[in-house]
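The values are calculated or read from the model by the stated rules, or taken from the named source; none is laboratory data. It should be emphasised that the depicted structure is a prediction, and the values quoted were computed from it without experimental measurement. A quick note on method: Cβ atoms are made from the backbone with ideal geometry, for glycine too, and the neighbour counts reach across all protein chains shown. SASA here: full protein model, heavy atoms, side chains in, ligands and nucleic acids out. Shrake-Rupley method; radii C 1.70, N 1.55, O 1.52, S 1.80 Å.
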Amino acid sequence: MNHAAPGALRRRLIAAGSLAAAAALAFTGCASGASGSGASGDAGDDTVGVSLIVKTTTNPFFVAMQDGAEAAAEKLGVELTLAAGKEDGDEDTQIQAIENAISKGDAGILITPNGPGVEDALVKARDAGLFVIALDTPPSDPESVDITFATDNFLAGQEIGKWTAAKLAGEKATIALIDLFDDKIVSVDVNRDQGFLDGMGIDTADAEANGDEAATGTYSGGDYEIVGNEVSGGNEEGGRTAAETLLSKNPDINVVYTINEPAAYGAYEAFKAAGATDDLIVVSIDGGCAGVEQVAEGIIGATSQQYPVKMAELGVQAIYDLVKTGESPENSEGLDFYNTGVALVTDDPQDGVESIDTAEGGEICWG
């Protein structure tokens, strides 16, 4: 079995502990975005107000994030406001939620940005004294937030890419790439896609752009062909439609990369309907409980597990501590964000690729 050593896994599963892990955050003096009073409501009210603004509530990932924030807020006595875009990519609804947080006098905002269109509003919030933390998705303008708590999305992509290359064992890789958007650039979309290709040993050309790689060439184990990039919007129906389009271009696809597990499930259903699941490798990123079960069932071969509940818990804790102590969180050493951890989940471990199995992944899914 090629599972990681316990010490190595503990280092990588930063996010798998309890809420007490928040105490492990590194702190420094007040950041420029810190609120003077950090209070919401009437004058003299010392309640800490925090707004959590997620991309959408149609994705279980963000529902789990909301659950984590609510639990942390209840524990700390934080006044939490929840808001979400109507769909992945809905910037306008998020902008209105940011404006609402400013008007209420919240101490801070936790946000999974739906795109660069929200960043001017985030700068406005910082200028108004709110502490702004991006969760999961780093903004394109780093100055629009005070800090980001996130998975290392490039590493998450690399892990499933390395696993795929090892699994193929020299067989030709005929690859379908199912991304998030094609009308805007979002870091999580690019980093996962490019990390996957890099893990496969494929030259990514411009590492900050999807879809410009050579259509054919060699990966670390043999020859590859990229059939194309299609977008899914990060949901099941989008994944199914994207897969159908790619299958119409080449019915011999044997590798499917997907931006997340809802898209992966939709893609698998399209291949199943086409009778094309024999020897099919589907890989993804999320590691939610449903996704881990899909790995156990053989729908997804491997997934990189991330920890949205922990992102939210740490975010609420950080804003609370900032208000109460005047201290703010710092980035992880050597990174430009606070790394909340990642682990590869598979029941088909490959030589040279660290992983945990679905039994362990199921115990810590979205912790």
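Residue count for segment 127-140 satisfying the condition of being touching an Asp or Glu at 6+ places or on another chain (Cβ under 9 Å), open to solvent by 40 Å² or more (accessible area, probe 1.4 Å) and at pLDDT 95 or above: 0. Per the listing Ser355, Ser328, the residue uniquely modelled with pLDDT of 95 or more, of a type in the set (Ser, Thr, Tyr), buried (at least 22 other Cβ atoms within 10 Å of the Cβ) and on the phi < 0 side of the Ramachandran plot is Ser355.
Being out of contact with any helix residue (DSSP H, G or I) (no Cβ under 7 Å at 6 or more places or on another chain) and modelled with pLDDT of 95 or more is true for just one of Gly68, Gly85, Gly105, Gly89. Which residue is that? Give the steps one after another, and end with the answer.
Details: Gly68 fails: out of contact with any helix residue (DSSP H, G or I) (no Cβ under 7 Å at 6 or more places or on another chain); Gly85 fails: out of contact with any helix residue (DSSP H, G or I) (no Cβ under 7 Å at 6 or more places or on another chain); Gly89 fails: modelled with pLDDT of 95 or more.
Gly105 is the lone residue from the list that is out of contact with any helix residue (DSSP H, G or I) (no Cβ under 7 Å at 6 or more places or on another chain) and modelled with pLDDT of 95 or more.
Val227 - would you say it is in contact (Cβ under 8 Å) with a residue 24 or more places away in the chain and surrounded by fewer than 22 Cβ atoms within 10 Å (Cβ to Cβ)? Quick ask: steps written out before the conclusion?
Working: in contact (Cβ under 8 Å) with a residue 24 or more places away in the chain: yes; surrounded by fewer than 22 Cβ atoms within 10 Å (Cβ to Cβ): yes.
It is true that Val227 is in contact (Cβ under 8 Å) with a residue 24 or more places away in the chain and surrounded by fewer than 22 Cβ atoms within 10 Å (Cβ to Cβ).
When segment 247-285 is filtered for residues that are touching an Asp or Glu at 6+ places or on another chain (Cβ under 8 Å) and within 15 Å of Trp163 (Cβ to Cβ), the ones remaining, listed by number, are Asn254, Tyr257, Ser284, Ile285.
Yes/no per residue for (1) in a strand (DSSP E or B); (2) surrounded by 21 or more Cβ atoms within 10 Å (Cβ to Cβ); (3) touching a helix residue (DSSP H, G or I) at 6+ places or on another chain (Cβ under 7 Å); (4) free of Cβ contacts under 8 Å to residues at least 60 places away in the same chain:
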{"residue": "Leu155", "(1), (2), (3), (4)": "no, no, yes, no"}
{"residue": "Gly170", "(1), (2), (3), (4)": "no, no, no, yes"}
{"residue": "Leu177", "(1), (2), (3), (4)": "yes, yes, yes, no"}
{"residue": "Gly195", "(1), (2), (3), (4)": "no, yes, yes, yes"}
{"residue": "Asp212", "(1), (2), (3), (4)": "no, no, no, yes"}
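Among strands (runs of 3 or more DSSP E) entirely within segment 241-318, having at least 2 residues that are more than 21 Å from Gly228 (Cβ to Cβ), open to solvent by less than 10 Å² (accessible area, probe 1.4 Å) and of a type outside the set (Val, Ile, Thr) singles out 302-305. With respect to being open to solvent by less than 60 Å² (accessible area, probe 1.4 Å), without any contact (Cβ under 8 Å) to a residue 24 or more places away in the chain and among the hydrophobic types (A, V, I, L, M, F, W, C), Ala207 fits the description. The number of residues in segment 85-104 being open to solvent by 30 Å² or more (accessible area, probe 1.4 Å), of a type outside the set (Ser, Thr, Tyr) and closer than 17 Å to Ala121 by Cα comes to 8.
Residues that are among the β-branched types (Val, Ile, Thr) and at pLDDT 95 or above were ranked within segment 43-55; the one that is farthest from Leu135 (Cα to Cα) is Val48.
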